[in-house]
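Data first, discussion second: the structure below is written as structure tokens.
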Amino acid sequence: MPTFYPADTQTLPLTTIQRELLLPVPGEVLVQKDEMAAEGDIIARCWLPGKVWAADVSQALGIPRERAGQFVKQDVGDHVQAGDLLAERQSRFGRVNRRCQSAVAGQVIDIRHGVVLVEAEATVLELGSPFSGRITDIVPEQGVVVSAVGALIQGLWGCGGETSGSLQVLVAEPDEPLTPESLETGVIDDGPSDSNARRCQILAVGGTILDGATLEKAAEDQIEGLIVGSVRAGLRLQLEALPCPVLVTEGFGGLAMRSEAFTLFQASHGRSATITAAGQPARPSGRPTVFIPTDPA
């Protein structure tokens, strides 16, 4: 849920940050202490248990529950694919009347009361580094602490989580609003002009957002993130519904982005950056931030 913070935000042209990156469940750490990680490098992974799917054989075959077990074709422990036959009932002359198939790939874990329980296959969750940095600590089976040097701009309000992309300053002044037209000029295709390839990941920077049409355009063009000085207060619900993170440096209303932040964004145009627009336990204030790592030496 988006949160407001006291209005003592900072703009630091050069600082060192540390981020703790942890898996949701114990897994495998893939890097070593003091190793350098590039943006996007997979530093840890874990396996998330699959959901359990219940196949009601009795209902599918139209038979009493006490008789369903004799029609089941699988045993506990068997592995099945989506669409595999779990049970079938044939007519007297061998013609198949009804079938019950698995909806997921997984393992049969129980058969009882006319129901076959299939646990879906575990999914692999890979944890990537949001920016380039050095691994300064290892948390066994859980993750790492990564340290990086760069510029840090704190925001007053944010929503949408975390993402990385290329900073694109689309306005000339810190109080100039983003518009659908300015967003169009900032979008760069990552494929031929006549293809349906996804637009490249950009973080659009502007002074303000004054209308819902701009937010609709951002969603339509799959903008990776929005960074602005202020937003018209009536747009808050629409902001929270966007499929991308949003960071507001000054607040709601018609406020221009503070000059030191806007100048820093201009100087960093085209560089990779990370928006963290939700609280992170590793950061003391938990406030939303934009981090622009320095170019590797």
To the nearest 20 debye, the stretch 26-120 has a Cα-centred charge dipole, built from +1 on Lys and Arg Cβ and -1 on Asp and Glu Cβ, of 1000
Calculate one ³J(HN,Hα) per residue across the stretch 154-167 by plugging θ = phi - 60° into the Karplus curve 6.51 cos²θ - 1.76 cosθ + 1.60, and present them in order as whole Hz with x for glycine and proline. 8, x, 8, 8, x, 7, x, x, 10, 7, 10, x, 8, 5
1.4 Å probe accessible area per residue over the chain, in Å²: 51
By average Cβ neighbour count within 10 Å, what is the ranking of 77-84, 142-149 from highest down? 142-149, 77-84
Lys51: which lysines have alpha carbons under 25 Å from its alpha carbon, excluding same-chain residues fewer than 8 sequence positions away? Lys73
Across all directions of projection, what mean area in square nanometres is found for the Cα convex hull of the stretch 1-134? 13.9
Work out, step by step, the length gained on full extension between Gln266 and Asp295: first 0.36 nm times the residue separation, then minus their alpha carbon distance; give nm to one decimal. 8.8 nm
Over the chain, what is the mean sequence separation of C-alpha contacts under 8 Å (at least six apart), divided by residue count, expressed as relative contact order in percent? 21
Assigned charges on the beta-carbon of Lys, Arg, Asp, Glu; the chain dipole about Cα centre (debye): 1380
Segment Val76-Leu12, length gained on full extension (0.36 nm per residue, minus Cα span): 17.1 nm
Once Lys and Arg get +1 and Asp and Glu get -1 on their Cβ, which of Pro26, Val246, Val72 lies farthest toward the positive end of the dipole of the chain? Val72
Carbon plus sulfur, as percent of the 1.4 Å-probe accessible area of the chain, comes to 50
Once R0 is set to 30 Å, what does the formula 1/(1 + (r/R0)^6) return for the Cβ-Cβ distance between Thr123 and Leu210, expressed as a FRET efficiency to the nearest 0.05? 0.10
How far is it, in nm, from the label point at Ala233 to the one at Leu85 when both lie 7 Å from their Cα along the line to the Cβ? 6.7
What number, in nm² with one decimal, is the all-direction average of the projected area of the convex hull of the alpha-carbon atoms of the chain? 21.6
Label points 7 Å out from Cα along the Cβ direction at Glu28 and Val115: separation in nm? 3.5
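The values are calculated or read from the model by the stated rules, or taken from the named source; none is laboratory data. Here the structure is a predicted model, which is why all the values come from computation and not from measurement. Every residue, glycine as well, gets a Cβ built from its backbone with ideal geometry; the counts of neighbours run over all protein chains shown. Side chains included, ligands, DNA and RNA excluded: accessible areas come from the protein's heavy atoms. Shrake-Rupley method; radii C 1.70, N 1.55, O 1.52, S 1.80 Å.
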